[in-house]
Amino acid sequence: MKLDTGLNEALVVGLSNWLAIKALADDNYAMPQVLKDDQKSMNMRVVFVTLADERGHYATASAMAMNLAQAGQSALDKARVTYQGTEKADKANNAARRKIERVKVDIMADVVPIDEARVKQGLPIVSDRSLVGVILENYDQAWLAEESMREGFVGLKGHLNRAKIRARLGQRINNPDSNKVWIFSTLSRLVLKTSEGQLANLPLLRNHVVNPQLTPEFASEVAKDGADYLARHTTDSGQMNYLFDAANDRVLKGYNILRHAGSLWSMLQVYKDAPTVKLHGACNRALDYLLSTVQAFSPDYPRLKVIAYENEAKLGGNGLALVAMAAAYKYLGRRDILPVMRELADWIVAIQAPNGEFTLHKAYLDTVEKAPFISGYYPGEAILGLMELYKIDRNHKWLNSADRAAKWLIEVRDGDKSIEELERDHWLLYGLNELYQVVPHQQFVDHCKRLLEAITYSQHKKANVPDWIGGFQDPLNITATACMCEGMLAGYRLLSRAGEDAERLATLRTAIEAGLKLQLQFRFDSINSTYLKNPERAEGGFQCRTAHWNIQVDFTQHSLTGFLMYGRYI
């Protein structure tokens, strides 16, 4: 069923501006003529109003009526009661008074029934909870997609969570156990004050602006904000808050030392361009923690060192540690770490076969046993790490190892693969770009082109949902998109050095910009923070999947690095 019949932009903007001004400034603000005219249409409308501050407090209410103005006014009145009721509780607890600082208006649009038998069996009702709201029993008994994201009324796999609905929506949902279920989309607008004191009225999809603007200058600011997020989440011990639930302001369990090293590298890249005391401290703490994980590979080889975490040593761990440590050596002046870097690099060289292949990707340290695991990305990370060390001490041992590894990957691992079969190896593109500056083999240029073709071939050029355009994978993976942008940017630099024609570079730039614009939509900023419990703590971070608001350090690492490279080189 379509409930948006007869709606147009003038009506949507008129309603959202009118309600926002009433909530933020003047409750007696006159109804615009466009809404007065709509009262004659007698179309059933369901309107949601969300009132929020900038610190994680919000209240949402909905109402149904036969015109927009009546439904909107009723929803606003209900939201005020909820918001003010919580405010009174805050006062009783001596909390600071909360004022309304933003207003979000959603108008119910397409409504689709869910098979009742499916609901009774407890099967998923949606594939992506971030896109649709849910109705139980009646159209005025409903909640928004963003509320499912924040409160978990619909779980990650699309199941209704009856317990949470009963506990947190008791005042809005009369029959939380009903099996009469519909899902719905909305026309969504956010109204908030700009820094100049004006009201901005922004159309939203999935709680974010679609097709945001991108400039090199803005990209650099995005990178700084990402580094600031990582710095805030670097603890006194030097460990990072590896996985952060931005919806509920809590740190989740888990750690990955490779991603720690990569995140440290990204912070140091920003520190190079825009040094701050906060970044300096965070980078040194994170570096010291990384150094604390260095140990001998085995008693028989005490001078071959590895990054050891949870009884495992990984080729990628040594590679990314070298990348991060090289940046710390250059930008923090940490000359004390050079001997450790050489020992980490010696281990990489020691596990390389004469043909260039790295023969060990993961090992168990207690038994010094090779694990049956091969990574598509560890060799590229190792090549990049060796090249970063080579740029510091000019030892040809590192250069020769990186060169042989790259040739093995090109000729053996990737040699007979079609474009569709190629690993979209962004880390190898990083390594080839560094190698080409020292040993400008045409082979590196040619393989760079193949990898870039594999990446751009798989990029979403069109999609049923507009915020998938420019991205990768199905379902959409924002972090994979960030990695592909990094690879394209490294390839762009290599091809520019190789004198590639302007048309190919322009096409590549278009693909890069599409990927970066997609990521901007899933970055936590002042616009999409309405439903977060602690917006300030999430600001600058990036999500990976549309269905949750979790931020893992590498989500932000890969995105901020791409924006930094775009600001520097494009």
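The values are calculated or read from the model by the stated rules, or taken from the named source; none is laboratory data. Please read all numbers here as calculations on a predicted model, not as lab measurements. As a convention, Cβ positions derive from the backbone with ideal geometry for all residues, glycine included, and neighbour counts pool all protein chains shown. All accessible areas refer to the heavy atoms of the entire protein, side chains included, with ligands and DNA or RNA removed. Shrake-Rupley method; radii C 1.70, N 1.55, O 1.52, S 1.80 Å.
A few points about this structure:
- Listed by position, the helices (runs of 4 or more DSSP H) contained in segment 107-171 that have at least 1 residues being touching a residue at least 40 places away in the same chain (Cβ under 8 Å) and farther than 27 Å from residue 521 by Cα are 116-120.
- In summary, residue 534 fulfils each of the numbered conditions (1) crowded, with 19+ Cβ neighbours inside 10 Å; (2) of a type in the set (S, T, N, Q); (3) farther than 22 Å from residue 448 by Cβ with the single exception of condition (1).
- Filter result for residue 392 (surrounded by fewer than 22 Cβ atoms within 10 Å (Cβ to Cβ) and of a type in the set (Val, Ile, Thr)): yes
- Whenever a residue of segment 363-389 is open to solvent by 30 Å² or more (accessible area, probe 1.4 Å), its partners that are aromatic (Phe, Trp, Tyr), lying with C-beta atoms within less than 6 angstrom and at least six residues away or across chains, give the pairs 377/427.
Results for (1) open to solvent by less than 70 Å² (accessible area, probe 1.4 Å); (2) assigned to a helix (DSSP H, G or I); (3) modelled with pLDDT of 95 or more, shown as yes or no for each residue.
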{"site": "6", "(1), (2), (3)": "yes, no, no"}
{"site": "14", "(1), (2), (3)": "yes, yes, yes"}
{"site": "19", "(1), (2), (3)": "yes, yes, yes"}
{"site": "22", "(1), (2), (3)": "yes, yes, yes"}
{"site": "40", "(1), (2), (3)": "no, no, no"}
{"site": "55", "(1), (2), (3)": "no, no, no"}
{"site": "64", "(1), (2), (3)": "no, no, yes"}
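- Where a residue in segment 447-460 is closer than 16 Å to residue 516 by Cα and its partner, wherever it lies, is open to solvent by 40 Å² or more (accessible area, probe 1.4 Å) and of a type outside the set (Gly, Ala, Ser), with Cβ under 7 Å and at least six apart: 455/424; 458/424; 460/468; 460/469
- Pairing each residue of segment 206-228 that is part of a helix (DSSP H, G or I) and at pLDDT below 95 with any residue that is surrounded by fewer than 16 Cβ atoms within 10 Å (Cβ to Cβ) and of a type in the set (Ser, Thr, Tyr), provided the two are 6+ apart or on different chains, yields no C-beta distance under 8 Å.
- Selection from segment 414-440 of residues that are open to solvent by 40 Å² or more (accessible area, probe 1.4 Å), without any contact (Cβ under 8 Å) to a residue 24 or more places away in the chain and either within 18 Å of residue 356 (Cβ to Cβ) or polar (S, T, N, Q) (or both): 416, 417, 418
- On inspection, residue 236 passes the criterion of being modelled with pLDDT of 95 or more, out of contact with any helix residue (DSSP H, G or I) (no Cβ under 6 Å at 6 or more places or on another chain) and open to solvent by 20 Å² or more (accessible area, probe 1.4 Å).
- Residue 269 more than 28 Å from residue 512 (Cβ to Cβ) and outside any loop (DSSP other than H, G, I, E, B): no
- Residue among 286, 296 that is touching a His at 6+ places or on another chain (Cβ under 8 Å) and closer than 22 Å to residue 336 by Cβ: 286
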